[in-house]
Amino acid sequence: MSLGCGRSRRSSLFLRGLFFMVAVFLGLGYLFPVLDSVKDLKFVASSLSFCNDPAASTVKRRPSVKGSPTKNFRDNLLNDTYYITGWASGGLTNAVMNFVRTLLRALPRVLTNVQANMIYLGKLTDRVPIVPPFAPAQHISSTAGIIPFGDIFDLPVLRKALEMDVLDWREVKDIASRDDSDPYSPDEIDELGCWTTIKESSRDPATGNNIIRHLGLDNSYTRLPPSVRLTTDMPAKDEPHVILPHLASVIFPVEPLIDAESTTVLTPAPRSGHVRPPDHQLSCFDSLYYASSGPKPFEWERSWSPVWRTVGRHLRFTAAMEEIASAYMARAFKLSTPTEKAPPFVAVHIRRGDFVGQCKSLPKTKTLEEDDCFPSLFAYEKHVEDTIEDLWLVHDIYVPNVIVMSDETSPSFWSKVRERGWFFVNHTEAATAERYGEWYLPLIDTVIQSHAVGFVGTKSSTFSLLGERRVQDWNGGIVREVSIRDSR
Ligand SMILES: *[C@@H]1O[C@H](CO)[C@@H](O)[C@H](O)[C@H]1NC(C)=O
Ligand SMILES: *[C@@H]1O[C@H](CO)[C@@H](O)[C@H](O)[C@H]1NC(C)=O
């Protein structure tokens, strides 16, 4: 039972501090976050070849690039190494796009899914993943800005778990930083040939999105062969899902199943009109949203998801994200100082907003009052009580503290939450969007959730699902779900 892992992490802070000083002295500064146990020392020993550059910790040099970020990405790639990248907002339907607020809440987990798929495919093919930043989806003129993947997720921990290098795009190419007032006007445009996963009946790869503009790429796209598709009950030409191991066979660096040079480009690059076939050294995909290991579509939602098991569960948050979330927890639980550690708690995620569609099967009164459609707080309360009881009976720990996260905005909802003595983060009061940008609202909630020892989520919400996974896999916690359809 590892309920105390948060605590033990704190208590080893001094030890880590000591390691840090030693590590910096040895020029191993960037390995610091992985120094968690004696076992890690073996890793350090076995990867010394990664860190023989004394400047490693300051110039962001990674072992799988030549050096500091270059104007054109190709100048930084090693000639004996293969890479993979991709970008997407493929899973965001127009319906979602109507609601900027909803979109901003949804996008971090959509992108996390997509990027986890891409990293998994890199693992399958010995290709170093170059992960794009989080960027607002196309059509959204948003102040959310660009957030490098490595500012949210702890890349050193991921690299260690995967036993391979993982790069942020900013470590490869000299691109605008997240503070830049105009992150979409790159100095240099690179031409690249990519694969598109777009279904056979469509001719439009995801060409124009903000990530590509930000990275300064001009891509042609080539269709993947039909053999990579999942077979569902959909007509084959409309099937959006692709199978990751099949993609691996197409892009494997040695003797791939398809000769990319002999393919025909579907869409020329929008800027220069070039028609490059899919690049051999840097494989790229327009979208890996509809990708799975084979048995089912949307595997990310399954307990056995290979992508979650291989990549997702190793996407720990950076120390900077943890620090911000800690301060929010201290404030939510009304602790005396921002650095005081939050007590063990049960997190409740109540998804409403765009889930109104899920209520349609229920008899509806004229006004869509929350309790007509969505499960009332009593439904959640019942699961919270059961969770607290289980934590007590099974894990011998009494956890009376409950924190609620929801996209619900109605004041009456929140006063009911308050009446129950449950806690919540008020992002308006904390001025989260103003201080950190809009991405941080869902991100901070996500990090807070991941610290819970009990979790009550909303069925079929991916935000809930990922929260549950983290609570189970990271904290050995107990999770439950409320179903909107059945209101219980
Ligand atoms: C690869 O790069 C190394 C170091 O830059 C160089 O010595 C070598 O000749 C290159 N190999 C090829 C095949 O270009
Ligand atoms: C959150 O804070 C704002 C600003 O202080 C306040 O107007 C609002 O009522 C608060 N929301 C809740 C649910 O307490």
Violating pairs (Cα-Cα greater than 25 angstrom) within the set LYS382/LYS459; LYS334/LYS459; LYS173/LYS237; LYS173/LYS199; LYS123/LYS173: LYS334/LYS459; LYS173/LYS237; LYS173/LYS199
Segment TYR398-ASP80, length gained on full extension (0.36 nm per residue, minus Cα span): 109.0 nm
Whichever aspartates and glutamates have a C-alpha closer than 13 Å to that of LYS296, once near sequence neighbours (fewer than 8 apart) are set aside: ASP233, GLU239
Cut-off under 5 Å, modelled amide H: who pairs with VAL402 long-range: VAL346, PHE423
Ranked TRP439, TRP304, TRP474, criterion: other C-beta atoms within 10 Å, fewest first: TRP304, TRP474, TRP439
Backbone HN-Hα couplings from phi across segment 457-473 [Karplus 6.51/-1.76/1.60, Hz, Gly and Pro as x]: x, 9, 4, 6, 9, 5, 4, 4, 4, 5, x, 4, 4, 5, 5, 6, 6
Gain upon complete extension [GLU323, THR231; 0.36 nm per residue less C-alpha separation]: 28.7 nm
Gain on full stretching of the segment that runs from PHE378 to ASP204 - 0.36 nm per residue minus C-alpha separation: 58.0 nm
Spherically averaged projected area of segment 69-314 from its Cα convex hull (nm²): 12.8 nm²
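How high is the relative contact order of segment 319-482, given as a whole-number percent (alpha carbon pairs under 8 Å, six or more residues apart)? Walk me through the numbers before you get to the answer.
Working: 229 pairs, mean separation 48.0, N = 164.
So the answer I get is 29 percent.
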Karplus (6.51, -1.76, 1.60) ³J(HN,Hα), θ = phi - 60°, over segment 244-256, in Hz, Gly and Pro reported as x: 4, x, 5, 4, 4, 5, 7, 10, 4, x, 10, 6, x
Sites THR264 and ALA431 - FRET efficiency at Förster radius 45 Å, r taken between beta-carbons, to 0.05: 0.30
Amide H contacts under 5 Å for GLU481, placed H, 5+ residues apart: GLY457
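Taking the highest mean first, how do the peptides 266-274, 77-85, 305-313 order by number of other beta carbon atoms within 10 angstrom per residue? Don't jump to the answer; show the numbers that get you there.
Values: 266-274: 14.9, 77-85: 17.7, 305-313: 20.7.
Ranked by mean Cβ neighbours within 10 Å, highest first: 305-313, 77-85, 266-274.
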5 angstrom amide H check on ASP168, placed H, neighbours 5+ away: VAL131
For segment 315-327, Karplus couplings with θ = phi - 60° (6.51, -1.76, 1.60), whole Hz, Gly/Pro x: 8, 7, 8, 5, 4, 5, 5, 4, 5, 4, 4, 4, 5
25 °C / 0.890 mPa s Stokes-Einstein diffusion coefficient of segment 319-482, Kirkwood radius on C-alpha pairs, µm²/s: 150 µm²/s
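Bear in mind that the values in this text are calculations on the coordinates, not laboratory data. Computed from a prediction, not measured in an experiment: that's the story for all the values here. No Cβ is skipped: glycine too gets one built from the backbone with ideal geometry, and neighbour counts run over all protein chains shown.
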